[in-house]
Amino acid sequence: MKDYKLNKKNIKEFINNSDIETKKIVKKLIRNTKYVSNKEFFHLLKKNIRDLLKKTKFHKVVYVYVDENNTKTSNYWLYSYLKKILKSKIVPIKDFTDNVKTLKKDDYVVFIDDCIYTGYQLGATIANFIFNIKENIKHKLNIFVLVPYISIDGRKYIKMVFKNNNEEKKYRLFFSKYAYKLKSTTKVLTKEEIELMNNYYPRVKLMDKDSARRYFEDKQLVYFQHKLADGTSTISLFYKGLVPNKHNLEILSNYTEDDFDKLMIYPLINNCTYSKHFDSHCPFPPYKK
(Lines give C-alpha, C1' and ligand atoms only; values in the text may rest on other atoms or scores of the structure.)
Protein backbone atom coordinates (compact mmCIF):
# COMPACT_ATOMS: atom_id res chain seq x y z
CA MET A 1 0.00 0.00 0.00
CA LYS A 2 1.16 3.55 -0.71
CA ASP A 3 2.85 5.76 1.85
CA TYR A 4 0.47 8.48 3.03
CA LYS A 5 2.68 10.20 5.58
CA LEU A 6 2.89 13.98 5.58
CA ASN A 7 4.68 15.37 2.53
CA LYS A 8 7.65 17.45 3.80
CA LYS A 9 8.24 19.21 0.49
CA ASN A 10 4.62 20.28 0.13
CA ILE A 11 4.45 21.30 3.78
CA LYS A 12 7.29 23.75 3.15
CA GLU A 13 5.52 25.23 0.11
CA PHE A 14 2.21 25.29 1.98
CA ILE A 15 3.74 27.28 4.86
CA ASN A 16 5.68 29.61 2.57
CA ASN A 17 2.54 30.50 0.62
CA SER A 18 0.30 30.92 3.69
CA ASP A 19 -0.47 34.47 4.76
CA ILE A 20 1.90 35.76 7.46
CA GLU A 21 -0.81 35.84 10.12
CA THR A 22 -1.55 32.12 9.61
CA LYS A 23 1.98 30.67 9.39
CA LYS A 24 2.36 30.04 13.12
CA ILE A 25 -1.09 28.43 13.27
CA VAL A 26 -0.39 26.24 10.24
CA LYS A 27 2.81 24.94 11.84
CA LYS A 28 0.96 24.21 15.07
CA LEU A 29 -1.76 22.25 13.26
CA ILE A 30 0.73 20.17 11.30
CA ARG A 31 2.84 19.50 14.38
CA ASN A 32 -0.20 18.18 16.27
CA THR A 33 -1.58 16.04 13.44
CA LYS A 34 -1.64 12.29 14.06
CA TYR A 35 -1.05 10.00 11.07
CA VAL A 36 -2.12 6.40 11.68
CA SER A 37 -0.60 3.70 9.48
CA ASN A 38 -2.45 0.43 8.85
CA LYS A 39 0.16 -1.37 10.95
CA GLU A 40 -0.46 0.91 13.92
CA PHE A 41 -4.23 0.86 13.45
CA PHE A 42 -4.61 -2.92 13.37
CA HIS A 43 -2.11 -3.39 16.20
CA LEU A 44 -4.28 -1.23 18.46
CA LEU A 45 -7.49 -2.83 17.19
CA LYS A 46 -6.15 -6.33 17.96
CA LYS A 47 -5.22 -5.27 21.52
CA ASN A 48 -8.81 -4.15 22.05
CA ILE A 49 -10.21 -7.33 20.48
CA ARG A 50 -8.16 -9.35 23.00
CA ASP A 51 -9.64 -7.22 25.78
CA LEU A 52 -13.13 -7.89 24.39
CA LEU A 53 -12.45 -11.64 24.36
CA LYS A 54 -11.35 -11.54 28.01
CA LYS A 55 -14.66 -9.94 28.93
CA THR A 56 -16.72 -12.36 26.83
CA LYS A 57 -14.82 -15.62 27.45
CA PHE A 58 -17.82 -17.26 29.13
CA HIS A 59 -20.19 -16.24 26.35
CA LYS A 60 -20.84 -18.57 23.46
CA VAL A 61 -21.49 -15.70 21.03
CA VAL A 62 -20.73 -12.00 20.65
CA TYR A 63 -23.27 -9.84 18.87
CA VAL A 64 -22.00 -7.12 16.53
CA TYR A 65 -24.27 -4.29 15.43
CA VAL A 66 -23.96 -4.11 11.64
CA ASP A 67 -26.05 -3.67 8.51
CA GLU A 68 -25.00 -6.59 6.31
CA ASN A 69 -26.75 -5.00 3.34
CA ASN A 70 -24.53 -1.92 3.50
CA THR A 71 -21.04 -3.21 2.76
CA LYS A 72 -19.33 0.06 1.80
CA THR A 73 -18.86 1.39 5.32
CA SER A 74 -16.00 1.35 7.82
CA ASN A 75 -18.35 -0.39 10.27
CA TYR A 76 -18.92 -3.34 7.89
CA TRP A 77 -15.23 -3.44 6.87
CA LEU A 78 -14.14 -3.91 10.48
CA TYR A 79 -17.01 -6.30 11.21
CA SER A 80 -15.66 -8.50 8.39
CA TYR A 81 -12.19 -8.33 9.95
CA LEU A 82 -13.57 -9.25 13.37
CA LYS A 83 -15.55 -12.09 11.82
CA LYS A 84 -12.35 -13.72 10.55
CA ILE A 85 -10.94 -13.67 14.07
CA LEU A 86 -14.02 -14.70 16.09
CA LYS A 87 -15.41 -17.00 13.37
CA SER A 88 -18.48 -18.87 14.63
CA LYS A 89 -18.60 -16.82 17.85
CA ILE A 90 -19.73 -13.67 16.08
CA VAL A 91 -23.40 -12.95 15.32
CA PRO A 92 -24.54 -9.89 13.30
CA ILE A 93 -27.38 -7.94 14.85
CA LYS A 94 -29.55 -4.96 14.04
CA ASP A 95 -32.61 -3.37 15.66
CA PHE A 96 -35.34 -5.45 14.04
CA THR A 97 -33.57 -8.66 12.97
CA ASP A 98 -34.43 -12.12 14.30
CA ASN A 99 -31.07 -12.29 16.09
CA VAL A 100 -32.29 -9.68 18.58
CA LYS A 101 -34.68 -12.26 20.01
CA THR A 102 -31.76 -14.55 20.91
CA LEU A 103 -30.10 -11.99 23.22
CA LYS A 104 -29.66 -13.44 26.69
CA LYS A 105 -28.94 -11.82 30.03
CA ASP A 106 -25.51 -10.13 30.19
CA ASP A 107 -24.76 -10.77 26.51
CA TYR A 108 -22.39 -8.36 24.75
CA VAL A 109 -23.47 -6.18 21.82
CA VAL A 110 -20.44 -4.70 20.05
CA PHE A 111 -20.52 -1.42 18.16
CA ILE A 112 -17.40 -1.40 16.01
CA ASP A 113 -15.78 1.36 13.92
CA ASP A 114 -12.38 2.86 13.17
CA CYS A 115 -12.66 6.27 14.84
CA ILE A 116 -15.07 8.34 16.91
CA TYR A 117 -14.86 12.04 16.09
CA THR A 118 -17.90 13.93 17.44
CA GLY A 119 -19.68 10.83 18.74
CA TYR A 120 -22.99 12.07 17.30
CA GLN A 121 -23.48 9.22 14.85
CA LEU A 122 -22.56 6.37 17.17
CA GLY A 123 -24.39 7.98 20.08
CA ALA A 124 -27.58 8.13 18.01
CA THR A 125 -27.10 4.53 16.82
CA ILE A 126 -26.76 3.22 20.38
CA ALA A 127 -29.74 5.28 21.56
CA ASN A 128 -31.92 3.97 18.71
CA PHE A 129 -30.85 0.40 19.43
CA ILE A 130 -31.81 0.71 23.11
CA PHE A 131 -35.13 2.32 22.22
CA ASN A 132 -36.02 -0.31 19.61
CA ILE A 133 -35.28 -3.38 21.76
CA LYS A 134 -36.54 -2.23 25.16
CA GLU A 135 -40.05 -3.62 24.69
CA ASN A 136 -38.81 -7.12 23.80
CA ILE A 137 -35.62 -7.35 25.86
CA LYS A 138 -36.23 -6.96 29.59
CA HIS A 139 -32.94 -8.33 30.92
CA LYS A 140 -29.56 -6.66 31.30
CA LEU A 141 -27.11 -6.30 28.42
CA ASN A 142 -23.54 -5.08 27.93
CA ILE A 143 -22.76 -2.56 25.19
CA PHE A 144 -19.13 -2.57 24.06
CA VAL A 145 -17.77 0.28 21.91
CA LEU A 146 -14.92 -1.35 19.96
CA VAL A 147 -13.25 1.72 18.45
CA PRO A 148 -9.46 2.13 18.75
CA TYR A 149 -9.33 5.91 18.09
CA ILE A 150 -11.63 8.31 19.89
CA SER A 151 -11.90 12.00 20.73
CA ILE A 152 -12.41 13.06 24.33
CA ASP A 153 -15.56 15.00 23.43
CA GLY A 154 -16.87 12.08 21.35
CA ARG A 155 -16.50 9.74 24.32
CA LYS A 156 -18.22 12.22 26.64
CA TYR A 157 -21.10 12.66 24.20
CA ILE A 158 -21.71 8.92 23.84
CA LYS A 159 -21.64 8.46 27.64
CA MET A 160 -24.16 11.29 28.03
CA VAL A 161 -26.53 9.90 25.38
CA PHE A 162 -26.21 6.41 26.85
CA LYS A 163 -27.02 7.67 30.36
CA ASN A 164 -30.08 9.56 29.09
CA ASN A 165 -31.37 6.39 27.40
CA ASN A 166 -30.52 4.03 30.23
CA GLU A 167 -32.92 5.34 32.85
CA GLU A 168 -33.76 1.85 34.13
CA LYS A 169 -30.04 1.01 34.32
CA LYS A 170 -30.57 -2.18 32.33
CA TYR A 171 -27.39 -1.73 30.30
CA ARG A 172 -23.68 -1.36 30.97
CA LEU A 173 -21.38 0.60 28.65
CA PHE A 174 -17.76 -0.31 27.92
CA PHE A 175 -15.22 1.45 25.72
CA SER A 176 -12.08 0.00 24.15
CA LYS A 177 -9.52 -0.22 26.94
CA TYR A 178 -6.59 0.88 24.78
CA ALA A 179 -8.28 3.62 22.73
CA TYR A 180 -5.98 6.38 21.49
CA LYS A 181 -7.29 9.79 22.58
CA LEU A 182 -7.19 12.31 19.74
CA LYS A 183 -6.23 15.98 19.77
CA SER A 184 -8.79 18.52 18.62
CA THR A 185 -8.41 21.96 17.08
CA THR A 186 -10.23 23.40 20.09
CA LYS A 187 -7.53 22.08 22.44
CA VAL A 188 -4.58 22.99 20.20
CA LEU A 189 -5.65 26.47 19.01
CA THR A 190 -6.89 29.54 20.85
CA LYS A 191 -10.35 30.97 20.10
CA GLU A 192 -8.70 33.82 18.23
CA GLU A 193 -6.63 31.42 16.11
CA ILE A 194 -9.73 29.34 15.29
CA GLU A 195 -11.68 32.45 14.30
CA LEU A 196 -8.81 33.62 12.09
CA MET A 197 -8.53 30.26 10.30
CA ASN A 198 -12.31 30.08 9.86
CA ASN A 199 -12.10 33.29 7.84
CA TYR A 200 -9.80 31.61 5.32
CA TYR A 201 -12.09 28.60 4.86
CA PRO A 202 -15.60 29.93 4.16
CA ARG A 203 -18.54 27.63 3.40
CA VAL A 204 -18.44 26.61 -0.29
CA LYS A 205 -21.42 24.56 -1.50
CA LEU A 206 -19.59 22.98 -4.42
CA MET A 207 -17.13 21.40 -1.97
CA ASP A 208 -19.99 19.64 -0.18
CA LYS A 209 -18.92 17.64 2.91
CA ASP A 210 -15.38 19.02 2.95
CA SER A 211 -16.65 22.54 3.52
CA ALA A 212 -18.62 23.95 6.44
CA ARG A 213 -19.18 27.07 8.49
CA ARG A 214 -16.92 27.52 11.55
CA TYR A 215 -14.58 25.08 9.85
CA PHE A 216 -11.85 24.84 12.51
CA GLU A 217 -14.07 24.35 15.56
CA ASP A 218 -14.05 20.96 17.32
CA LYS A 219 -12.24 19.07 14.55
CA GLN A 220 -9.93 16.13 15.20
CA LEU A 221 -6.32 16.35 14.02
CA VAL A 222 -5.98 12.86 12.62
CA TYR A 223 -5.99 10.93 9.34
CA PHE A 224 -5.41 7.28 8.52
CA GLN A 225 -3.58 5.27 5.90
CA HIS A 226 -7.00 3.86 5.02
CA LYS A 227 -8.88 7.19 4.93
CA LEU A 228 -9.09 10.92 5.43
CA ALA A 229 -12.42 11.86 7.04
CA ASP A 230 -14.52 14.69 5.59
CA GLY A 231 -15.00 18.22 6.90
CA THR A 232 -17.56 17.25 9.52
CA SER A 233 -14.83 15.41 11.46
CA THR A 234 -11.47 16.87 10.53
CA ILE A 235 -9.91 19.77 8.61
CA SER A 236 -9.85 17.87 5.34
CA LEU A 237 -9.48 20.92 3.06
CA PHE A 238 -6.38 21.89 5.04
CA TYR A 239 -4.87 18.41 4.63
CA LYS A 240 -5.86 18.34 0.97
CA GLY A 241 -3.61 21.36 0.53
CA LEU A 242 -5.88 24.42 0.30
CA VAL A 243 -3.49 27.18 1.37
CA PRO A 244 -4.84 29.83 3.80
CA ASN A 245 -4.00 32.98 1.89
CA LYS A 246 -5.78 35.97 0.36
CA HIS A 247 -5.38 34.60 -3.17
CA ASN A 248 -7.46 31.52 -2.33
CA LEU A 249 -9.88 33.43 -0.11
CA GLU A 250 -10.76 35.78 -2.95
CA ILE A 251 -11.54 32.81 -5.22
CA LEU A 252 -13.50 30.94 -2.53
CA SER A 253 -15.65 33.98 -1.77
CA ASN A 254 -17.24 33.75 -5.24
CA TYR A 255 -16.41 30.17 -6.16
CA THR A 256 -17.78 28.72 -9.42
CA GLU A 257 -17.43 25.46 -11.40
CA ASP A 258 -14.43 26.85 -13.30
CA ASP A 259 -12.41 28.08 -10.32
CA PHE A 260 -10.83 24.90 -8.94
CA ASP A 261 -7.70 25.10 -11.14
CA LYS A 262 -7.10 28.69 -10.02
CA LEU A 263 -6.63 27.70 -6.38
CA MET A 264 -3.20 27.43 -4.78
CA ILE A 265 -3.02 23.81 -3.57
CA TYR A 266 -0.16 21.84 -1.98
CA PRO A 267 -1.52 18.48 -0.72
CA LEU A 268 -0.02 17.75 2.70
CA ILE A 269 -0.39 13.98 2.31
CA ASN A 270 2.09 11.92 0.29
CA ASN A 271 0.85 10.41 -3.01
CA CYS A 272 -2.37 12.44 -2.96
CA THR A 273 -3.76 14.76 -5.61
CA TYR A 274 -7.29 16.13 -5.76
CA SER A 275 -9.69 17.21 -8.46
CA LYS A 276 -13.31 18.26 -9.01
CA HIS A 277 -13.64 20.63 -6.05
CA PHE A 278 -11.79 18.21 -3.71
CA ASP A 279 -14.47 15.52 -4.02
CA SER A 280 -11.94 12.79 -4.88
CA HIS A 281 -10.81 10.51 -2.03
CA CYS A 282 -7.17 10.14 -1.01
CA PRO A 283 -6.29 8.00 0.83
CA PHE A 284 -9.06 5.95 -0.73
CA PRO A 285 -11.03 3.87 1.82
CA PRO A 286 -10.66 0.13 1.04
CA TYR A 287 -14.35 -0.48 1.89
CA LYS A 288 -15.53 1.90 -0.87
CA LYS A 289 -13.92 -0.10 -3.68
Inspect all residues belonging to the stretch 13-20 and state whether any of them is in a loop (DSSP other than H, G, I, E, B), farther than 26 Å from P286 by Cα, touching a residue at least 60 places away in the same chain (Cβ under 8 Å) and among the acidic types (D, E).
yes
When the stretch 137-154 is checked residue by residue, the ones that are outside any strand (DSSP E or B) and surrounded by fewer than 20 Cβ atoms within 10 Å (Cβ to Cβ) are I137, K138, H139, K140, I152, D153
Of all residues in the stretch 150-174, count the ones that are in contact (Cβ under 8 Å) with a residue 60 or more places away in the chain and polar (S, T, N, Q).
1
Within the stretch 2-36, which residues are of a type in the set (G, A, S) and in contact with a strand residue (DSSP E or B) (Cβ under 8 Å, 6 or more places away or on another chain)?
none
Count, please, the residues in the stretch 265-289 that happen to be touching a Leu at 6+ places or on another chain (Cβ under 8 Å) and either more than 21 Å from D114 (Cβ to Cβ) or without any contact (Cβ under 8 Å) to a residue 12 or more places away in the chain (or both).
3
Checked against (1) surrounded by fewer than 21 Cβ atoms within 10 Å (Cβ to Cβ); (2) touching an Asp or Glu at 6+ places or on another chain (Cβ under 7 Å), L122 satisfies every condition except (1)
Which residue pairs have Cβ atoms under 9 Å apart, sit 6 or more places apart or on different chains, and have a first residue in the stretch 30-47 that is in a helix (DSSP H, G or I) and a second that is basic (K, R)?
K47/K177
Could you go through the stretch 36-55 and let me know if any residue there is closer than 28 Å to K134 by Cα and of a type in the set (K, R).
yes
Looking at the stretch 50-127, what strands (runs of 3 or more DSSP E) fall wholly within it and have at least 3 residues that are modelled with pLDDT of 90 or more and closer than 21 Å to H226 by Cα?
none
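The values are calculated or read from the model by the stated rules, or taken from the named source; none is laboratory data. What you see is a predicted model; the values in this text were computed from it and never measured. Please note: Cβ atoms are built from the backbone with ideal geometry, for glycine as well, and neighbour counts cover all protein chains shown.
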